[in-house]
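Worksheet: one structure, shown below.
The values are calculated or read from the model by the stated rules, or taken from the named source; none is laboratory data. Predicted model, so just to flag it, every value in this text is computed and none were measured. No Cβ is skipped: glycine too gets one built from the backbone with ideal geometry, and neighbour counts run over all protein chains shown.
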Amino acid sequence: MRRLLRAAVVMAFTLPFLASAALVASADEGSRGNATASPHIRPPLGVLRHVDAPTASPAPTDAELPELVILVGGYQSCACPDDGTFDTLRERLAALPNTDVVRFGTDPRFPFDTFGSIDASAINLRDHIRSLAPTHSVVHIVTHSMGGVVADRAFAQGLSHEDGVATYVAWSAPHSGSDAARGFVLANSVARGPNPAIHESLLWLRMESESQAVRDLASTRPIPPPKGVVRLDLREANDTLVTPRDARDPGVASRTLGRALEGHGGILDDPEAIDLTFRTITTRAVPPEHRGPLLVQAIEDRSDELGWHVFGAICVLTVLACVYASKTNPIFRIPIVQGLRELLPRATRKPCP
């Protein structure tokens with residue numbers, strides 16, 4: 001009986017404590033399983049570890065990009081290693097830092113057929129420059145002979161200062177076409193086709209009578225100077241292939257030089273032409289004239305006099321070629337001289353009464 005009373009007393013004292021402990025435990029379990037309880041906040045990743053954000057390499061500025069000099073040869077030139085057209089200029093340009101020198105026609109994607117259509121070559125030149133412009137800060141163009149006409153047509157086909165072109169120096173360029181080409185094209189038209197004698201005469205001038213380039217040179221006209229592009233024309237006073245009439249380029253600064261003995265090809269090695277070209281590229285401006293006015297006028301007069309002699313010779317040769325060509329023309333049943341002899345008596349014969 002005493003044991004029962006003692007157990008009852010112990011239970012009376014311990015039950016309240018057990019109940020309160022159970023309530024606390026159940027409350028804690030409920031808070032853990034309650035979906036509406038406040039969520040656990042995860043510390044930011046930066047607190048746990050340091051992460052370096054990836055940084056892109058900065059794009060090169062225009063000052064860091066190389067400059068581009070593109071060389072355009074003339075008729076019958078070849079963009080091959082053994083062609084020395086621009087060797088002297090290349091040696092001078094080698095002193096320029098961060099400069100790429102490219103010969104037009106070396107990239108097979110943009111061919112240069114010097115016998116083919118000038119407009120087709122001009123489009124290739126334009127596209128070649130545009131393909132290289134994004135990787136260069138500025139573009140300089142240097143041409144020789146017919147290459148100047150190709151560059152002119154490239155500007156006519158949309159090439160501009162917006163494509164990065166800063167300077168354009170033309171050596172002995174027939175911007176206004178070629179009187180020699182016009183004469184031979186006229187003679188061929190009289191012959192109604194290629195004539196062997198005319199063809200041989202053209203070969204003497206290193207031209208092909210059936211070349212599309214020669215026909216294009218016969219109809220070439222100058223273009224307005226491109227805006228924003230520094231232009232300079234250089235030619236030798238004794239150039240007998242590109243006369244002052246052929247080289248006319250209104251609105252463009254020009255210099256007639258008098259050092260080279262052989263005018264058309266001699267300009268390629270003329271130190272004055274090389275120096276003027278180099279200074280135009282490096283300063284992006286036409287160099288000032290350092291020669292006296294009397295010397296300049298004397299050189300111009302000599303060039304004009306020689307040019308008129310050459311033009312007169314071209315006219316005489318054209319007439320002779322036309323006379324010869326007319327003999328082989330199927331339209332003419334008799335030689336032209338014999339025809340004139342027969343026509344003159346008929347013109348002077350009195351009518352019958």
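Scanning the stretch 71-104 for residues that are of a type outside the set (D, E, K, R) and farther than 15 Å from His140 by Cα yields Gly74, Tyr75, Gln76, Ser77, Cys78, Ala79, Cys80, Pro81, Gly84, Thr85, Thr88, Ala95. Looking only at residues in the stretch 213-260 that are under 17 Å from Ile118 (Cβ atoms) and of a type in the set (S, T, N, Q), the one that is surrounded by the most Cβ atoms within 10 Å (Cβ to Cβ) is Thr220.
Where helices (runs of 4 or more DSSP H) fall wholly inside the stretch 56-163, the ranges with 3 or more residues that are β-branched (Val, Ile, Thr) are 118-132. Listed conditions (1) under 19 Å from Gly251 (Cα atoms); (2) at pLDDT 95 or above are all met by Ala120, apart from (1). Which residue, of Phe86, Phe115, is at pLDDT 85 or above and touching a strand residue (DSSP E or B) at 6+ places or on another chain (Cβ under 8 Å)? Answer to the selection: Phe86. When we screen Gly164, Gly105, Gly148, Gly158 for residues that are in contact with a His (Cβ under 7 Å, 6 or more places away or on another chain) and either more than 19 Å from Ala247 (Cα to Cα) or surrounded by fewer than 24 Cβ atoms within 10 Å (Cβ to Cβ) (or both), the only hit is Gly164.
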